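Working notes, beginning with the structure itself.
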2 protein chains.
Amino acid sequence: MRPEQEKEYHHALKAALESGYNILQAGGSSLDAVVAAVESLEDCPLFNAGRGAVFTNEGKHELDAAVMLGNSRAAGAVASVSGVRNPVRLARAVMEHSEHVLLAGAGAEQFAKSRAIAFEPEDYFFTRQRYDQWQEAMREGVVQLDHRDDKKFGTVGAVALDNAGNVAAATSTGGMTNKRFGRIGDSPLIGAGTWADNTTCAVSCTGHGEYFIRAVAAYDVACLMEYKGKSLRQACEEVVMRKLKPAGGEGGLIALDRTGVPVLIFNSEGMYRGWQTMPGAPNTAIYGD
Amino acid sequence: MRPEQEKEYHHALKAALESGYNILQAGGSSLDAVVAAVESLEDCPLFNAGRGAVFTNEGKHELDAAVMLGNSRAAGAVASVSGVRNPVRLARAVMEHSEHVLLAGAGAEQFAKSRAIAFEPEDYFFTRQRYDQWQEAMREGVVQLDHRDDKKFGTVGAVALDNAGNVAAATSTGGMTNKRFGRIGDSPLIGAGTWADNTTCAVSCTGHGEYFIRAVAAYDVACLMEYKGKSLRQACEEVVMRKLKPAGGEGGLIALDRTGVPVLIFNSEGMYRGWQTMPGAPNTAIYGD
């Protein structure tokens with residue numbers, strides 16, 4: 001990656017951190033913070049979520065997102081929605097204004113309209129980089145993650161701890177380039193790609209979704225803490241390095257418990273990431289440390 | 001429920017047991033057994049799966065199913081598919097013939113056609129009882145489980161252990177009567193409504209899906225066994241009676257580990273269920289024992 005590209009990613013990650021951290025600093029909730037951070041990343045064309053989502057086999061964008069609250073285990077998620085500017089906002093609306101957890105496809109879009117969630121025309125979601133990736137995937141007849149060349153994952157997510165001691169998690173993604181057949185990955189599945197419970201932790205995952213689903217990766221971190229007494233770091237290492245990696249499950253996750261010390265871990269070459277635990281001191285990184 | 005109705009349920013449960021148990025007796029796999037048992041229940045108009053599925057708000061049938069194998073943790077699932085005669089067969093095809101775990105909606109139906117999975121016209125799925133339930137739910141403006149009057153659950157599932165020592169689980173459902181917005185419940189979500197791993201157990205759930213999703217109910221049973229050393233029965237009681245019940249999560253599950261002693265547990269008034277551990281001795285029940 002060219003240095004100026006790297007700069008753009010660091011800049012976008014800092015902007016997302018800022019939008020979330022400002023809310024926490026002002027005494028806002030972890031839910032508001034994770035949604036604001038993820039919206040910031042959805043609006044940025046660099047990441048595989050919202051505006052910068054990858055193309056499906058049919059040349060469309062099918063977006064997945066989830067949000068979960070640590071104090072009540074309330075959760076909301078959407079899968080395979082098209083045209084929704086901020087899928088994470090729709091996931092929040094499912095949590096707050098429906099009796100359901102997971103809505104999909106045209107039905108979820110109909111719900112979005114009933115809640116006055118913003119839509120965008122198809123060309124809003126067009127980015128040259130994703131289009132070229134799709135064309136290449138079409139030529140080669142493959143379905144692929146969005147990290148082919150540099151092994152960094154484009155699904156976006158956020159975890160936060162607020163002054164009230166509540167954790168929250170949110171995840172948003174366009175899934176896999178050239179995906180077919182209404183494929184749904186781990187991001188919108190509570191326990192697989194997204195989890196939050198004050199008694200353990202908040203988790204948001206990125207990577208090869210099928211492996212994360214079959215590992216119930218996010219909830220497994222919580223179970224290793226609650227049932228086996230592991231620390232957040234130990235539990236994350238167990239899942240990402242000793243379970244997912246040997247199975248071929250490339251990816252990583254971000255996690256936070258009520259101590260407020262974040263864990264950002266991946267078994268791939270890199271993972272775009274950022275964290276902030278003090279005012280005015282955002283940290284961002286791409287490759288291994 | 002009238003005695004002759006009860007008789008019909010016992011008869012249908014015995015037929016499903018027989019179709020699965022015959023396969024195991026002949027040395028077949030637990031996967032073949034659970035799929036055969038669930039197909040038998042899908043073909044029976046009495047249960048809320050396949051033929052007897054409930055009506056959605058739009059007067060359609062949107063079917064969910066999943067299957068998982070204990071020796072490899074391979075899994076396949078479909079959500080919101082219409083017209084597929086045996087959704088569990090499609091879930092198996094996703095596991096065996098796609099690189100994905102979860103396919104949904106029109107895309108999943110397209111995949112079904114590519115695998116020559118059988119479809120049925122809309123009237124195949126018409127049953128007077130479900131139609132009347134839907135009309136009543138429409139009049140009252142509610143979304144409801146299919147057990148309103150008698151608190152028994154109509155989602156179908158099966159777990160099995162074969163001679164090779166492999167467990168498997170399968171689940172199939174029409175979801176909630178009068179459901180809208182592409183709602184997906186726990187049945188097709190690996191870890192929530194369906195789970196199988198030889199090191200712990202195979203689980204299939206039925207009940208109020210949203211609670212089972214937020215509890216990651218099926219995988220929680222496995223985690224309590226693996227990380228906390230609980231027996232299958234203890235783990236199932238913990239999840240169904242001490243976690244789901246106080247939270248309002250009405251329902252139950254069937255589970256099996258490699259000892260071959262099944263657990264069938266529910267926190268509701270009843271659960272249509274059956275089990276067989278010896279040739280010629282099928283057991284069926286509806287209410288609490």
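The values are calculated or read from the model by the stated rules, or taken from the named source; none is laboratory data. What you see is a predicted model, and the numbers here were worked out from it, not measured in a lab. Note: ideal-geometry Cβ built from the backbone for every residue, glycine included; neighbour counts use all protein chains shown. We work out accessible area using only protein heavy atoms, side chains counted, and drop any ligands, DNA or RNA first. Shrake-Rupley method; radii C 1.70, N 1.55, O 1.52, S 1.80 Å.
One table, with the values for the structure above:
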| read-out | value |
| --- | --- |
| Average other protein chain Cβ within 10 Å of Cβ, residues A:176-188 | 6 |
| Cβ-vector label at 7 Å, B:LYS60, separations to other copies in nm | 1.2 |
| Sequence-distant aspartates and glutamates (8 or more away, or on other chains) whose Cα lies within less than 19 Å of A:LYS230 | A:ASP197, A:ASP220, A:GLU238, A:ASP257, B:ASP220, B:GLU226 |
| Shape call, the stretch A:222-263: gyration tensor on alpha carbons, a/c limit 1.5 | oblate |
| C-alpha center-to-center spacing [the stretch A:66-87, the stretch A:250-281] in angstrom | 21 |
| Long-range HN-HN contacts of A:SER187 with modeled amide H, under 5 Å | none |
| Rounded accessible area per residue of the stretch A:112-210, 1.4 Å, Å² | 35 |
| Heavy atoms of B:LYS228: accessible area, 1.4 Å probe, square angstrom to 10 | 110 |
| Label-point separation in nm, B:ASN283 to B:MET241, each point 7 Å along Cα→Cβ | 1.6 |
| Carbon + sulfur, % of accessible area of the protein assembly as shown - ligands and nucleic acids excluded, 1.4 Å | 47 |
| Protein-protein interface of the stretch B:206-221, residues with accessible area decrease of at least 40 Å², isolated chain reference, 1.4 Å probe | B:GLU210, B:ILE213, B:ARG214, B:VAL216, B:TYR219 |
| The protein assembly as shown: C-alpha gyration tensor shape, a/c 1.5 cut-off, then a/b vs b/c | prolate |
| Unit charges on C-beta of K, R, D, E only; dipole of chain B, Debye | 360 |
| Rounded if a/c under 1.5, otherwise prolate or oblate - chain A, Cα gyration tensor axes | rounded |
| Per residue, in Å², the accessible surface of the stretch A:235-278 once ligands and nucleic acids are set aside, probe 1.4 Å | 41 |
| Charge context of A:LYS113, other residues only, Cβ under 15 angstrom, K/R +1, D/E -1 | +2 |
| Isolated Cys residues of chain B, judged by Cβ distance under 4.7 Å to other cysteines | B:CYS44, B:CYS201, B:CYS205, B:CYS236 |
| Other-copy label distances relative to B:ASN163, 7 angstrom Cα-Cβ extension, nm | 6.8 |
| Residue order for B:TYR131, A:TYR227 - accessible surface, 1.4 angstrom probe, largest first | B:TYR131, A:TYR227 |
| Ellipticity estimate at 222 nm from DSSP helix runs (n ≥ 4, -39,500 (n - 2.57)) divided over chain A, nearest 500 | -10500 deg cm²/dmol |
| Order of exposure, largest accessible area first, which applies to B:LYS243, A:LYS60 with probe 1.4 Å | A:LYS60, B:LYS243 |
| Per-residue SASA entry for A:TYR272, accessible area with 1.4 Å probe, Å² rounded to 10 | 30 |
| Shielded residues, the stretch A:94-122 - accessible-area loss of 20 Å² or more between chain alone and all protein chains, probe 1.4 Å | A:GLU99, A:HIS100, A:VAL101, A:LEU102, A:LEU103, A:ALA104, A:GLY107, A:GLN110, A:PHE111 |
| Computed accessible area, A:THR277, all protein chains, 1.4 angstrom probe, square angstrom | 80 |
| Accessible area that becomes buried as B packs against A, both chains, 1.4 Å probe, Å², nearest 100 | 3400 |
| Virtual paramagnetic centre 7 Å along Cα→Cβ of B:GLU136, amide N under 18 Å, in the stretch B:48-65 | B:48-49, B:52-57, B:59 |
| Listed peptides A:2-8, B:214-220 by packing density, highest first (mean Cβ within 10 Å) | B:214-220, A:2-8 |
| Charged-residue dipole, Cβ positions (Lys, Arg, Asp, Glu), the stretch A:1-66 about Cα centre, Debye nearest 20 | 160 |
| Inter-copy spacing of A:PRO121 label points, which lie 7 Å from Cα along Cα→Cβ, given in nm from shortest upward | 4.2 |
